[in-house]
1. What is the distance, in nm, between label points placed 7 Å from the Cα along the Cα-to-Cβ direction at THR178 and at ARG574?
2. What number comes out for the charge environment of ARG85, summing +1 per Lys or Arg and -1 per Asp or Glu over other residues with Cβ under 15 Å away?
3. Round to a whole angstrom and tell me the spacing of the C-alpha centers of the stretch 351-405 and the stretch 218-286.
4. Want the number for SER452 to GLU135: 0.36 nm per residue separation, take away the alpha-carbon distance, what's left?
5. With r defined as the distance between the Cβ atoms of THR330 and ARG506 and R0 fixed at 22 Å, what FRET efficiency is calculated, to the nearest 0.05?
6. How much net charge surrounds VAL435 when only other residues with a Cβ under 11 Å from its Cβ are counted (Lys, Arg +1; Asp, Glu -1)?
7. To the nearest 10 Å², what's ILE62's accessible area with a 1.4 Å probe?
8. Leaving out ligands and nucleic acids, note down the accessible area per residue over the stretch 438-577 with a 1.4 angstrom probe, in whole Å².
Amino acid sequence: MTAVDAVQVVGGNVFWIEGGSSGDHLRRWSADTGNAVTELPGVCVGSRIYGYGGGSYVVTPIGIVASDAETSALVLQASDGQIRRLVDDGWWYGDLHWDTAAARVLAVRERGAVAELVSIALPGGAVSVIAAGEEFYAAPRAGPDGRRLAWLSWQAPFMPWDRTVFWTAPTDNPAAATPLVDDDESVFCPQWSPQGVLHFMSDRSGWWNLYQATASGTRRVVAADAELGTAQWELGYATYTFLDNGQLALISQRGPHHKLLTGTPSDLTPAAPGYTSIKPYLSTSNDTVAFIGANTTQEPTVVTVRAGSAPRDLTPARHAHVGSPPRQITCRARDGLRIHGLYWPAQQRDGRRPLIVRAHPGPTANATGRLDPYVSYFTSRGYAVVDVDYRGSTGYGRSFRTALRGSWGVADAHDCADMARHLIDRGLAHAGSVVISGSSAGGYTALHAIASEGPFRAATARSAIVDLHAWKAAAPRFQAHHADLLVAPPTYTSSSRDLIAELGTRISRPLLLIHGTRDRIAPVEPVGRLSAITNANGTPCTLMTFDEDHTFRSEEAIRTSFEAELRHYDSALRVGR
């Protein structure tokens, strides 16, 4: 399975990172030849900054600067193709940005518990610190006239989608930085227009909308009841950009569906309606927009679109027919909050209408309107799938995103159960044939759902967070405090042993645990303890381990885990094949 990320368009060339089981490599497509070639041969492009990386390469007039995922060094591939180490100081670098006026690369770097904003001079590689002292930094951006800088920072217990500080400073005196925004809001993706106007996304209205900084303050330039930004899990995200004709290109999200819009702030129109899922990497050059798009019958592909022209796919993407298209489902949770989901009907049905309720990871993620191998596998074998956007999900505004605070493992589990009951009441599922599945944080949700009174006959938890204490100790620094706002204090005051014992005791329906032995984010050891406790209490629990990290990359491991999950559900629901 091939993944594409981090697209950049520069002149007639489009760059992206292409990943697979052998690692991530930089690819370049040329408008002159219409072919894609590998740049930086022998270099696995990526960064472990903040645990999830992002912004690991930038194309400059001097050459391509990229982070080597194997060594953390920054490398430079000059225009003649020669590759050399530019910086090799033990720091992880990310969010690389070319400062045209100063002929330097701006970046965030991290080592241990320290993060800094820095500049890297080209071609020599001298590193200078711009700002230090905050726990986390992101998005260093320089104005086109070289006079001012902008960046973001945040502190625990907040995540960047909770609250950020938005800084500006004179380029020649960054120590004189002042906060442009320092309030209970999330600022995302500051950028300067070609005319030198500073823009940013803020959710102060209840949605991430587009603002600009003016001499008299800030003003909203694109207002919509939709998310024009996103939760910043990786550095280097961009959901809007500027075209050379003074127009904008931006991604708009409402629930599981995305739109690419172009035009003036007051007149934005869809530019590529065939793509319902768009990753938060948007780039433009002249009149060309490059993005990564997918839909319900196509996996993500690198796409370019020009005004007046049809979109063009640059990378091969798997296409598949998954039966009937998904439909959006809305129901009322037990406390009255409106909960959302994306329901994928089974391609083959029997009278029992078996249903898999799937809790997404994150937990700030959301259901996506794109082809999903998991959905294809199970719907083609008689199972319907509903992806539940439980409270906390992105795509429904700030109040919905913060509604999970203090109730993770409770309210999200209830939301999944309430969605299942809603589908049963509508005749889209059978009361005795509902199971639940989840990965990572979604695995935590699935475990707590199966441990509560509800309609689920079995559960599967992949790469699941089981022990919050072990997770806090093992998770990347970026995420280690994530649960501090999400979990009620009594949960944290219990010991790891007590938490796992209590959870294992409450689980009374068959459970399948699937985990990678090299998982650095959610350690496998607590999963093994949960399996032993659950089995000791008389509930069947199977633990399958693979030589994988938190996210499985091997096609064999993915296929084998799907097959095991199918057997698990068939057995629990007594489905014959």
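1. Modelled inter-label distance: 7.4 nm.
2. Values: positive: ARG84; negative: ASP68, GLU70, ASP88, ASP89.
Once all neighbours under 15 Å are counted, the net charge is -3.
3. Result: 23 Å between the Cα centres.
4. Gain in length upon complete extension: 110.4 nm.
5. Numbers: r = 29 Å, r/R0 = 1.34.
It comes to 0.15.
6. Here the count lands on +1.
7. Around 50 Å² of this residue is reachable by solvent.
8. Values: 5660 Å² over 140 residues.
Per residue, the stretch 438-577 has an accessible area of 40 Å².
The values are calculated or read from the model by the stated rules, or taken from the named source; none is laboratory data. Computed from a predicted structure; not experimentally measured. Positions of Cβ are backbone-derived with ideal geometry, glycine not excepted, and every protein chain shown enters the neighbour counts. Side chains included, ligands, DNA and RNA excluded: accessible areas come from the protein's heavy atoms. Shrake-Rupley method; radii C 1.70, N 1.55, O 1.52, S 1.80 Å.
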